[in-house]
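Visitor: First, the structure itself, so that you have it in front of you.
The values are calculated or read from the model by the stated rules, or taken from the named source; none is laboratory data. Note that the coordinates shown come from a computational prediction; the quantities given were computed from them, not determined experimentally. Here the Cβ positions follow ideal geometry from the backbone for every residue, glycine too, while neighbour counts run over all protein chains shown. Ligands, DNA and RNA are excluded from the accessible area calculation, which covers all protein heavy atoms including side chains. Shrake-Rupley method; radii C 1.70, N 1.55, O 1.52, S 1.80 Å.
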Amino acid sequence: KQEVTQIPAALSVPEGENLVLNCSFTDSAIYNLQWFRQDPGKGLTSLLLIQSSQREQTSGRLNASLDKSSGRSTLYIAASQPGDSATYLCAVTSARETSGSRLTFGEGTQLTVNP
Amino acid sequence: NAGVTQTPKFQVLKTGQSMTLQCAQDMNHEYMSWYRQDPGMGLRLIHYSVGAGITDQGEVPNGYNVSRSTTEDFPLRLLSAAPSQTSVYFCASSFTSSPYNEQFFGPGTRLTVL
């Protein structure tokens, strides 16, 4: 059974710092990995989607990498801002999954960027 | 486009009551799904649909029913609510049922069952 782990569970950094969020998964047979942002009391906003054949994706100050063979992904946030404060979730679509395009989620990293 | 919309935003039910959580998308997406989010357990798939008239069970389907009569709508029904169904419910959609597609989520419904 696929399991997704995110470390750390919480992270607090000063504004302007570059930071890395980590995601690991137990089964490397995946179609893709997706990073989401969740603001308190809100829904999930898709940030980046990395297909299994790709090594990284970039969007603005965000860069996500994928090492499928080792079961790891990182989300790099450059020059962090207070508006980046949120919970970041990673999710994988497993190739061995029988429930359609089911996403298996980690529990998230709660990021606080202090002014 | 409004994207994925969900109603209501909040709901309080008594044990045994029934209700329907509404989900709609205006992106002509074939694939729609329902997740619940609980502390310590992450998001788990309840039911999904690969197109109008086709639904299937996910990881935690017990206590929930779904139907898909149109491409746009995918309601989730609780026939007899239980306190264990207190959760935040998210609806999601993607262009097709291909696992390579990006998935988009609605704002969620926060349900409390007393």
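Visitor: Could you please find all residues in region B:22-40 being surrounded by fewer than 22 Cβ atoms within 10 Å (Cβ to Cβ), touching a Ser or Thr at 6+ places or on another chain (Cβ under 6 Å) and of a type in the set (A, V, I, L, M)?
Guide: Within region B:22-40, just B:A24 meets the criteria.
Visitor: Could you tell me how many of the residues in region B:71-86 are part of a loop (DSSP other than H, G, I, E, B) and touching a Phe, Trp or Tyr at 6+ places or on another chain (Cβ under 9 Å)? I'd like the intermediate steps shown before the answer.
Guide: Going through region B:71-86, the residues part of a loop (DSSP other than H, G, I, E, B) turn out to be B:71-72, B:74-75, B:79-82, B:86.
Next cut, touching a Phe, Trp or Tyr at 6+ places or on another chain (Cβ under 9 Å) only: B:74, B:79.
Number of matching residues: 2.
Visitor: Here is a further query. For region B:51-64, give me each residue that is closer than 28 Å to A:T5 by Cα and open to solvent by 50 Å² or more (accessible area, probe 1.4 Å).
Guide: B:D56, B:Q57, B:E59, B:N62
Visitor: Looking at A:R102 and the list (1) within 14 Å of chain B (Cβ to nearest Cβ); (2) under 27 Å from B:R110 (Cα atoms); (3) within 13 Å of the chain's Cα centre (by Cα), which single condition is not satisfied?
Guide: That leaves (3) as the condition not met.
Visitor: Please list, ordered by first then second residue, the pairs with beta carbon atoms under 6 Å, 6 or more apart or interchain, first in region B:58-72 and of a type outside the set (F, W, Y), second open to solvent by less than 30 Å² (accessible area, probe 1.4 Å) and part of a loop (DSSP other than H, G, I, E, B).
Guide: Within 6 Å, the pairs are B:G58/A:S99; B:R68/B:F74.
Visitor: Please return the ranges of strands (runs of 3 or more DSSP E) entirely within region A:16-115 where 1 or more residues are surrounded by 21 or more Cβ atoms within 10 Å (Cβ to Cβ).
Guide: Details: elements: A:19-25, A:30-38, A:44-51, A:56-59, A:62-67, A:72-77, A:86-94, A:103-105, A:109-114.
The qualifying strands (runs of 3 or more DSSP E) are A:19-25, A:30-38, A:44-51, A:62-67, A:72-77, A:86-94, A:103-105, A:109-114.
Visitor: Looking for whichever is in contact with a helix residue (DSSP H, G or I) (Cβ under 8 Å, 6 or more places away or on another chain) and either open to solvent by 40 Å² or more (accessible area, probe 1.4 Å) or in contact (Cβ under 8 Å) with a residue 40 or more places away in the chain (or both) here; the options are B:L79, B:L13, B:L111, B:L43. Which one fits?
Guide: Details: B:L79 fails: in contact with a helix residue (DSSP H, G or I) (Cβ under 8 Å, 6 or more places away or on another chain); B:L13 fails: in contact with a helix residue (DSSP H, G or I) (Cβ under 8 Å, 6 or more places away or on another chain); B:L43 fails: in contact with a helix residue (DSSP H, G or I) (Cβ under 8 Å, 6 or more places away or on another chain).
Matching residue, one of B:L79, B:L13, B:L111, B:L43: B:L111.
Visitor: Is it the case that region B:90-113 has a residue that's acidic (D, E) and either within 11 Å of chain A (Cβ to nearest Cβ) or within 17 Å of A:S46 (Cα to Cα) (or both)? Show your work before the answer.
Guide: Start the filter on region B:90-113 by keeping residues that are acidic (D, E), which leaves B:102.
After this cut, where a residue has to be either within 11 Å of chain A (Cβ to nearest Cβ) or within 17 Å of A:S46 (Cα to Cα) (or both) as well, the list is B:102.
Looking through region B:90-113, at least one residue is acidic (D, E) and either within 11 Å of chain A (Cβ to nearest Cβ) or within 17 Å of A:S46 (Cα to Cα) (or both).
Visitor: Check whether at least one residue in region A:90-99 is of a type in the set (A, V, I, L, M), more than 11 Å from the chain's Cα centre (by Cα) and closer than 28 Å to B:D56 by Cβ, and report yes or no.
Guide: Of region A:90-99, the ones of a type in the set (A, V, I, L, M) are A:91-92, A:95.
With more than 11 Å from the chain's Cα centre (by Cα) added as a condition, the list becomes A:95.
Those left that are additionally closer than 28 Å to B:D56 by Cβ: A:95.
Yes, the conditions are met somewhere in region A:90-99.
Visitor: Would you mention how many residues in region B:37-70 are assigned to a loop (DSSP other than H, G, I, E, B), facing another protein chain (nearest Cβ under 8 Å) and within 22 Å of B:F95 (Cα to Cα)?
Guide: Here the count works out to 2.
Visitor: B:S18 is checked against (1) facing chain A (nearest Cβ under 10 Å); (2) surrounded by fewer than 16 Cβ atoms within 10 Å (Cβ to Cβ) and fails just one. What number does that condition carry?
Guide: So B:S18 meets the others, but not (1).
Visitor: Moving on to the next point. When you go through (1) under 12 Å from the mean Cα position of the chain (by Cα); (2) among the basic types (K, R); (3) within 25 Å of A:Q110 (Cβ to Cβ) one by one for B:K9, which number turns out not to apply?
Guide: Answer for B:K9: the failing condition is (1).
Visitor: What do you reckon, is A:T5 open to solvent by 70 Å² or more (accessible area, probe 1.4 Å), more than 30 Å from B:P8 (Cβ to Cβ), assigned to a strand (DSSP E or B) and among the β-branched types (V, I, T)?
Guide: Values: open to solvent by 70 Å² or more (accessible area, probe 1.4 Å): no; more than 30 Å from B:P8 (Cβ to Cβ): yes; assigned to a strand (DSSP E or B): yes; among the β-branched types (V, I, T): yes.
Criteria not met by A:T5.
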